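K.L.:
Just dropping this structure here.
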Amino acid sequence: MARVVGPFKITGTISGMNFYQDGGENYVRNAGGGFDGNAIKTKDSMVRVRENASEFGHCASVKSTFMHALHPYLSKLKGRKLHSEMTSLFVQIKNFDPVSKRGKRRVSQALTTTEGHNLLLTYSYPEHFTVDRVLGNRFIVDPINHSWSCTDFNVSGIDFPEFSTHVGLLYGIVVMDFEAIQAKVFLAEDYYIAKKDVNHYITLKPLTVPSGTGVRIAVMGVRFYQEVNGVMTKLEAKRGFAVVGVD
């Protein structure tokens with residue numbers, strides 16, 4: 001596979017060569033190749049390929065629905081890496097399905113296991129982003145009233161990046177039906193903490209009581225801002241979100 005280094009930028013197939021972009025870079029490769037579609041559908045030797053394709057398609061659908069629900073958290077968190085990492089998350093979770101045959105394993109069944117549950121509970125983006133790491137505080141998620149709280153929030157423990165004056169918290173509950181592959185999100189009000197604030201107690205709850213059938217997933221997003229003349233401007237540094245509870 002070759003990388004295009006000059007100003008010649010096109011996408012598509014020309015004279016047997018496939019031109020495409022990935023991560024802002026331009027690449028070219030020979031067109032064609034891969035498996036024959038009819039062989040995949042009919043040959044016994046392709047059973048494993050069909051099984052993998054079926055399960056991957058399911059996980060891709062779950063990922064798309066989950067990402068749509070997370071739209072409020074994904075501002076400026078876009079790109080191929082985000083899609084691939086989240087697809088990989090659900091592919092890994094699906095592998096823990098304890099009852100379904102290969103080719104029919106599902107995320108909903110896998111989440112009934114400790115292993116599948118914990119994979120979702122520890123998910124964050126970017127990969128090493130965690131609320132504790134960025135904010136430097138311990139917190140509690142109450143599955144009964146769906147709240148996130150920190151009883152003694154240590155503002156001095158927040159790792160504020162250069163030029164930032166505030167950190168913004170966006171907390172919410174995603175109700176995700178992994179069988180029907182449907183989701184709804186219930187958000188709390190944006191909460192801002194100034195760099196000069198004193199320590200205080202924080203409790204965040206969705207404005208509307210979460211409802212619907214499915215798994216309740218608590219999500220916390222963190223953004224840093226610079227306030228100039230009363231206007232909050234988002235900064236790029238250390239933005240991200242993390243799953244902080246799964247019920």
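K.L.:
Assess whether A218 counts as being at pLDDT 90 or above and more than 25 Å from L82 (Cα to Cα).
P.N.:
When the stated conditions are applied, A218 does not pass them.
K.L.:
For R50, state whether it is over 19 Å from T122 (Cβ atoms), in a helix (DSSP H, G or I) and more than 12 Å from the chain's Cα centre (by Cα).
P.N.:
Against the criterion (over 19 Å from T122 (Cβ atoms), in a helix (DSSP H, G or I) and more than 12 Å from the chain's Cα centre (by Cα)), R50 qualifies.
K.L.:
Just to be sure before I move on: is V167 in the same structural domain as S211 (by TED's automatic domain parsing) and touching an Asp or Glu at 6+ places or on another chain (Cβ under 6 Å) in the structure I sent?
P.N.:
no
K.L.:
Scan (1) touching a helix residue (DSSP H, G or I) at 6+ places or on another chain (Cβ under 6 Å); (2) touching a residue at least 60 places away in the same chain (Cβ under 8 Å) for the single condition R102 breaks and write down its number.
P.N.:
(2)
K.L.:
Now for a different question. Sort through G103, G33 and tell me the only one that's among the small types (G, A, S), at pLDDT below 65 and either surrounded by 11 or more Cβ atoms within 10 Å (Cβ to Cβ) or in a loop (DSSP other than H, G, I, E, B) (or both).
P.N.:
Residue meeting the stated conditions: G33.
K.L.:
Among the residues in the stretch 164-175, are any assigned to a loop (DSSP other than H, G, I, E, B), under 29 Å from T112 (Cα atoms), touching a residue at least 40 places away in the same chain (Cβ under 8 Å) and touching a strand residue (DSSP E or B) at 6+ places or on another chain (Cβ under 8 Å)?
P.N.:
no
K.L.:
Just checking, does the stretch 203-217 include any residue being among the charged types (D, E, K, R) and either without any contact (Cβ under 8 Å) to a residue 12 or more places away in the chain or closer than 30 Å to H58 by Cβ (or both)?
P.N.:
yes
K.L.:
V185 versus (1) of a type outside the set (G, A, S); (2) more than 23 Å from F66 (Cα to Cα); (3) in contact with a helix residue (DSSP H, G or I) (Cβ under 7 Å, 6 or more places away or on another chain): which is the lone unmet condition?
P.N.:
(2)
K.L.:
Here's another thing I want to ask about it. Just to verify a result, which residue in the stretch 206-238, among those that are of a type in the set (V, I, T) and part of a strand (DSSP E or B), is farthest from L135 (Cα to Cα)?
P.N.:
If we take residues in the stretch 206-238 being of a type in the set (V, I, T) and part of a strand (DSSP E or B), then V215 is farthest from L135 (Cα to Cα).
K.L.:
Within the stretch 148-174, which residues are surrounded by 19 or more Cβ atoms within 10 Å (Cβ to Cβ) and either closer than 26 Å to R106 by Cβ or of a type in the set (S, T, Y) (or both)?
P.N.:
The answer is S164, Y171, G172, I173, V174.
K.L.:
Given the structure, is T233 of a type in the set (S, T, Y), modelled with pLDDT under 90, touching a strand residue (DSSP E or B) at 6+ places or on another chain (Cβ under 9 Å) and outside the structural domain of Y73 (by TED's automatic domain parsing)?
P.N.:
Judged against the criteria, T233 is a match.
The values are calculated or read from the model by the stated rules, or taken from the named source; none is laboratory data. This one's a predicted model, so the numbers in the text were calculated from it and none came from an experiment. When we count neighbours, we look across all protein chains shown, and the Cβ atoms used for this are built from the backbone with ideal geometry, even at glycine.
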